[in-house]
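Asks: One structure coming up, written as structure tokens, with questions to follow.
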Amino acid sequence: MQYLFPGVLVMGAGIAGMLSSGLNINIDMEKGVHDRFRSLPIGRSAPLLGSVLADLVRYVITVLILFAIGFLMGFRVETDAVSAIAASALAIGFGFALSWVMVFLGVLMRDETTVMALTFIAILPLLLGTSMAAPVETLPDWLRSWAGINPVTHVMDAGRALLTGTPIGNTVTWTLAWSAGLVAVFAPLSVWAFDRER
């Protein structure tokens, strides 16, 4: 439980919420909700940002529920409250960054079935090649190579270090860099694609 919980936290707070971000945008666009926003004096990115910020609330609730369940199952934070909050913030921040990737896909795709299919295709390699269930060193060589560059591995290792006191290395730096990079690339692309669709 001490090893697995940080990975479950990242999955619950970040990756599991990826689907809803793109799917909700796509459904709203199909139903014409975003057409109504055209008449309002709001920024171009406001509908997308509002949707992603609403997802942040869901991530926070998910983290609280996961900690409650983890505690009942025997997980204990071995560091301190500040480190536990930092681990949660990293997982939520990474989920926020990944949401922009899914928002971009949600704006580009024509129907919700395609958004769901692409999301699952994107999630599988991110989940399967990580340190969630076993240390990267124990994985086969080909999988170890992918896990070493997989951003989800960095987030899980950072969370594990902050929650259980394992060596932190540069995992927090990599997590922040990946998160910032994803937002910097996909937030503007999402707004551009949204403007084009409108």
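The values are calculated or read from the model by the stated rules, or taken from the named source; none is laboratory data. Worth saying up front: this structure is predicted, and the values here are computed from it rather than measured. Quick reminder, even Gly has a Cβ in these numbers, built from the backbone with ideal geometry, and neighbours come from all protein chains shown. Just the protein is used for accessible areas: all its heavy atoms, side chains included, with ligands, DNA and RNA removed. Shrake-Rupley method; radii C 1.70, N 1.55, O 1.52, S 1.80 Å.
Asks: Averaged per residue, what accessible area in Å² does the chain show with a 1.4 Å probe, protein chains only?
Replies: Per-residue accessible area for the chain comes out at 49 Å².
Asks: Within the chain, which DSSP H helices have Cα atoms that stretch 18 Å or more along the helix axis and a mean Kyte-Doolittle hydropathy of at least -0.5?
Replies: Span-like helices, by this rule, are 18-31, 46-73, 81-108, 112-128, 151-164, 171-197.
Asks: Hey, rough spin-label estimate for ALA54 and THR173, points 7 angstrom out along Cα→Cβ, what's it come to in nanometres?
Replies: It works out to 3.9 nm between the two label points.
Asks: Hey, in the GNM for the chain with a 10 angstrom Cα cutoff, which one of LEU64, LEU176, LEU48 fluctuates hardest?
Replies: LEU64
Asks: Report D for the chain in µm² per second (integer): Stokes-Einstein, Kirkwood Rh on Cα pairs, 20 °C, 1.002 mPa s.
Replies: 123
Asks: Another question about this same structure. Note the full-extension length gain between VAL33 and ALA184 as 0.36 nm times their separation in residues minus their Cα-Cα distance, in nm to one decimal.
Replies: 51.8 nm
Asks: When the accessible area of the chain is computed with all protein chains present and a 1.4 Å probe, what percentage of it is carbon and sulfur?
Replies: 72
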